[in-house]
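Trainee: I have a structure here, written as structure tokens, and I will follow up with some questions on it.
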Amino acid sequence: MAIRKIITAPDARLKQVSAPIEKVDDSVRALMDDMLETMYAAPGIGLAAIQIGVPKRVIVIDLARDGEEPQPMYFANPEITPTTDEMVTYEEGCLSVPEFYEDVERPATCRVKFLDYQNELREIECDGLLATCIQHEMDHLEGILFVDHLSRVKRSMVLKKLAKAKKLAEPA
Ligand code: GNR
Ligand code: NI
């Protein structure tokens with residue numbers, strides 16, 4: 001396993017639509033393992049493959065808190081269906097949008113159909129933080145960041161700040 005570098009906005013790679021995988025084989029499991037290690041090190045509660053530069057429809061999530069047993073969840077080729085009209089607001093953050101947090105509204109519950117670590121087709125009902133997180137990760141697979149759900153003014157303010165910080169860190 002290895003910790004990979006997390007891509008931060010603004011970066012064209014984060015706008016790519018990720019491609020489905022054929023099946024969860026050893027190479028996809030190796031990717032999932034690296035993603036989980038990278039996510040734990042960050043630390044974060046979810047990670048999409050594109051955040052480490054791999055445009056594949058693969059997500060890892062672990063919502064266990066500090067001191068609790070790890071509860072890694074692996075999703076390949078996820079398909080999400082909202083299961084309510086009720087919307088909930090959660091203050092989101094993103095490892096690809098460092099140090100910025102803002103409220104985002106999303107459906108409160110959803111159903112996710114996906115391939116798991118063993119390449120088994122599964123379907124689960126999500127609510128609470130899992131529902132929010134899986135929808136945030138699903139957006140990454142479509143090239144969407146949580147700041148894309150905010151007003152144009154807020155989004156451009158954040159992206160400008162990040163671009164400036166990048167320039168200072170790594171001058172062209
Ligand atoms: O670590 C993360 N925390 C988080 C908080 C609220 C809503 C979504 C998230 S996901 C984020 C990690 C990340 O960027 N995943 O793509
Ligand atoms: Ni994110």
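Where a number appears in this text, it was derived from the coordinates with a stated rule and is not lab data. Please read all numbers here as calculations on a predicted model, not as lab measurements. Reconstructed Cβ throughout: ideal geometry from the backbone, glycine too, with neighbour counts over all protein chains shown.
Trainee: Under the classification rounded if a/c is under 1.5, otherwise prolate if a/b is larger than b/c and oblate if not, where does the stretch 43-118 fall, given a ≥ b ≥ c as square roots of the Cα gyration tensor eigenvalues?
Mentor: Verdict is rounded for the stretch 43-118.
Trainee: Only Lys, Arg, Asp and Glu count, each charged at its Cβ (+1, +1, -1, -1), so figure out the dipole size of the chain about its Cα centre, rounded to 20 debye.
Mentor: Around 1100 debye, computed over the chain.
Trainee: Looking at Thr83, Gln16, Met73, which one has the Cα that reaches farthest to the positive end of the dipole of the chain (charges on Cβ: Lys, Arg +1; Asp, Glu -1)?
Mentor: Result: Gln16.
Trainee: If you don't mind, another one. Per residue of the stretch 91-104, in order, report the coupling 6.51 cos²θ - 1.76 cosθ + 1.60 (Karplus, θ = phi - 60°) as ³J(HN,Hα) in whole Hz, putting x for Gly and Pro.
Mentor: 7, 9, x, 8, 5, 8, 10, x, 6, 9, 9, 7, 5, 10
Trainee: Check cross-link reach from Lys166 to the lysines: straight Cα distance under 19 Å, and skip same-chain residues fewer than eight apart.
Mentor: In chain and number order, the partners are Lys5, Lys15, Lys154.
Trainee: Remind me, relative contact order of the stretch 1-75 in percent, using alpha carbon pairs under 8 angstrom and six or more residues apart?
Mentor: 32 percent.
Trainee: Considering only DSSP beta bridges with both partners in the chain, what is the antiparallel share in %, to the nearest 5?
Mentor: Around 95 percent antiparallel, to the nearest 5.
Trainee: In nanometres, what is the gap between the two model label sites at Arg13 and Glu142, each 7 Å from Cα along Cα-to-Cβ?
Mentor: The modelled label-to-label distance comes out at 2.3 nm.
Trainee: Taking loop as defined by DSSP and a crowding limit of 10 other beta carbons within 10 Å, which GluC sites (Glu not before Pro) in the stretch 30-137 fit?
Mentor: Glu68, Glu86, Glu120
Trainee: Turning to a different aspect of this structure: Normalised by the residues of the stretch 33-165, what does the relative contact order come to in percent, with Cα pairs under 8 Å and at least six apart? Walk me through the intermediate numbers first.
Mentor: Details: 207 pairs, mean separation 27.0, N = 133.
Value for the stretch 33-165: 20 percent.
Trainee: Then there is this: Are there any trypsin sites (Lys or Arg not before Pro) in the stretch 1-51 that are in a DSSP loop and have at most 15 other Cβ atoms within 10 Å? List them by number.
Mentor: Listed in order of number, the matching sites are Lys5, Lys23.
Trainee: Tell me the mean residue ellipticity at 222 nm calculated for the chain from its helices only (DSSP H runs of n ≥ 4, each -39500 (n - 2.57), averaged over every residue, nearest 500).
Mentor: Values: 3 runs with 48 residues, N = 172.
Taking each H run of at least 4 residues, the total per residue is -9500 deg cm²/dmol.
Trainee: Classify the stretch 11-137 as rounded, prolate or oblate from the Cα gyration tensor: take a ≥ b ≥ c as the square roots of its eigenvalues, call it rounded if a/c is under 1.5, otherwise prolate when a/b beats b/c and oblate if not. Mind showing how you got there, number by number?
Mentor: Details: a/c = 1.35, a/b = 1.16, b/c = 1.16.
In terms of gyration-tensor shape, rounded.
Trainee: Here's another thing I want to ask about it. Counting other C-beta atoms within 10 Å, which of His140, His149 has the fewest, and how do the rest follow?
Mentor: On the way: His140 23, His149 17.
Least to most surrounded, the residues fall as His149, His140.
Trainee: May I ask you to derive the relative contact order of the stretch 102-149, considering only C-alpha pairs under 8 Å and at least 6 residues apart, and to give it as an integer percent? Mind showing how you got there, number by number?
Mentor: Values: 41 pairs, mean separation 16.0, N = 48.
Reported relative contact order: 33 percent.
Trainee: Residues of the stretch 104-134 with the amide nitrogen closer than 18 Å to a label point 7 Å from the Cα of Thr83, along Cα-to-Cβ, please.
Mentor: From the stretch 104-134, the list is 106-116, 121-134.
Trainee: For Thr38, Thr83, which order do you get if you count the other beta carbons within 10 Å of each Cβ and list the fewest first?
Mentor: The most exposed by this proxy come first: Thr83, Thr38.
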